[in-house]
1. Of the conditions (1) buried (at least 20 other Cβ atoms within 10 Å of the Cβ); (2) under 23 Å from the mean Cα position of the chain (by Cα); (3) of a type outside the set (Phe, Trp, Tyr), VAL174 clears all except one; give me its number.
2. Of all residues in segment 115-154 being touching a Phe, Trp or Tyr at 6+ places or on another chain (Cβ under 9 Å) and within 20 Å of LEU91 (Cβ to Cβ), which is surrounded by the most Cβ atoms within 10 Å (Cβ to Cβ)?
3. Looking at segment 39-70 only, could you name the residues that are assigned to a loop (DSSP other than H, G, I, E, B) and over 16 Å from the mean Cα position of the chain (by Cα)?
4. Go through GLU4, GLU24, GLU36, GLU56 for me and flag whichever is surrounded by 18 or more Cβ atoms within 10 Å (Cβ to Cβ), out of contact with any His (no Cβ under 9 Å at 6 or more places or on another chain), of a type in the set (D, E, K, R) and modelled with pLDDT of 85 or more.
5. Of all residues in segment 313-340, how many are small (Gly, Ala, Ser), without any contact (Cβ under 8 Å) to a residue 60 or more places away in the chain, farther than 21 Å from LYS31 by Cα and part of a loop (DSSP other than H, G, I, E, B)?
6. Looking at segment 214-235, can you tell me whether even one residue there is aromatic (Phe, Trp, Tyr) and in contact with a Pro (Cβ under 6 Å, 6 or more places away or on another chain)?
7. Residues to consider are GLU183, GLU260, GLU220; find the one that is of a type in the set (Asp, Glu), without any contact (Cβ under 8 Å) to a residue 24 or more places away in the chain and out of contact with any strand residue (DSSP E or B) (no Cβ under 7 Å at 6 or more places or on another chain).
8. Based on this model, can you work out whether VAL187 counts as of a type in the set (A, V, I, L, M), in a helix (DSSP H, G or I) and either surrounded by fewer than 16 Cβ atoms within 10 Å (Cβ to Cβ) or not assigned by TED's automatic domain parsing to the domain that holds PHE114 (or both)?
Amino acid sequence: MRLESFAAIRLSNQSARIMRSVIEEAGLAWKPLLSEAGIPADLMDEPDGVLSGAQELRLQEVFAQATRHLPGVWFRAGLQYRLMSHGPLGLAVLTADTFGAGLRLMASYMALTFSLMQYSLVEEAGELIAVAADDTQVPPDYREFSQERALGSVTQFLNDIHPSLSPILKIESVLDATRGRHECGVVLGIPIIFGAPVTQWILRPGVAQAPLPLASPLLEETYGKLCARLVDEARVSDEVVGQLYALLVRSTRRFPAAPEACRILGLSERTLYRRLAAQGLTFGQMVDQVREQRAIYLLDTTSMSIEAVAEALGFAETASFSRAFKRWRGTAPQRFRSRV
């Protein structure tokens, strides 16, 4: 889904709680990561807690960086995203008439799936044959995370729709088989073909027509309407924050100052600051988040000098960038780069 749409949505804290449990199991400190993502620690203990999409996205970035050195951890995290983790969306899918109808509901409310990956249904001669994933809307520095997590999460989602059906024939993934991924197929009990041009879950013939055991037209309508309301309300309440986040991410050589951002977005500064404050954010924090995300990507994936990275991020001096990076990550940029 589009970045601005994801950043604008309101989501349950279930995904964040899953990431916290994975961090704890790995023996890492999770409170600093929540702080980096701008998420209050006490929100994690509320069963009905709600995050902004921007907070969820930021936590995914922080989580991916903190666990990058742990092979297979993103896949194992994905296994914890069961169908019911998606709240009203999961309930709407379960109460659909058939397996295929459930998948079409999922495709209609992509904004509630905790993912920037865009999922589409593949049909051939009128038959639903696969679920395909497109990662072009995912920032490059954590596409690998999103793809590996999806090996677990999407597979669980499909299996949970009808537990006794075994709907997946095989999985094709754009990932390679490094980092222990060859074991994913063993864990899932499903063949996985790595290095494919497109990631997709190939369905067993005829599975789309299979009736679901919990089918209920009344409940499907009820939960479907709730999904629609959540998406509509979220787009209205956080649209400004999502648009600002997308604007900053798209910025190249420099980030716009607040007055320029307001001009581009067609807002008054007062409106922008008020909408940010409602999400517990400031303009500077938004810029900092995007700068940190881009800095980590450039340090990890390019051979650019520290001076060039600082310039690319809009810092007037390399020393200013080094101080900012140490504040973000607790270490100097060069030391961070040489950690692996």
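1. Going through the list (1) buried (at least 20 other Cβ atoms within 10 Å of the Cβ); (2) under 23 Å from the mean Cα position of the chain (by Cα); (3) of a type outside the set (Phe, Trp, Tyr), VAL174 breaks only (1).
2. Result: SER153.
3. If the condition is that a residue be assigned to a loop (DSSP other than H, G, I, E, B) and over 16 Å from the mean Cα position of the chain (by Cα), then PRO40, GLU46, PRO47, ASP48, GLY49, HIS69, LEU70 are the ones that fit.
4. Numbers: GLU4 fails: modelled with pLDDT of 85 or more; GLU24 fails: surrounded by 18 or more Cβ atoms within 10 Å (Cβ to Cβ); GLU36 fails: modelled with pLDDT of 85 or more.
Step by step, each of GLU4, GLU24, GLU36, GLU56 is checked, and only GLU56 is surrounded by 18 or more Cβ atoms within 10 Å (Cβ to Cβ), out of contact with any His (no Cβ under 9 Å at 6 or more places or on another chain), of a type in the set (D, E, K, R) and modelled with pLDDT of 85 or more.
5. The qualifying residues number 3.
6. Among the residues of segment 214-235, at least one is aromatic (Phe, Trp, Tyr) and in contact with a Pro (Cβ under 6 Å, 6 or more places away or on another chain), which makes the answer yes.
7. Working: GLU183 fails: without any contact (Cβ under 8 Å) to a residue 24 or more places away in the chain; GLU220 fails: without any contact (Cβ under 8 Å) to a residue 24 or more places away in the chain.
From the options GLU183, GLU260, GLU220, the qualifying one is GLU260.
8. yes
The values are calculated or read from the model by the stated rules, or taken from the named source; none is laboratory data. Every value quoted in this text rests on a predicted model; they were computed, and no experiment measured them. Reconstructed Cβ throughout: ideal geometry from the backbone, glycine too, with neighbour counts over all protein chains shown.
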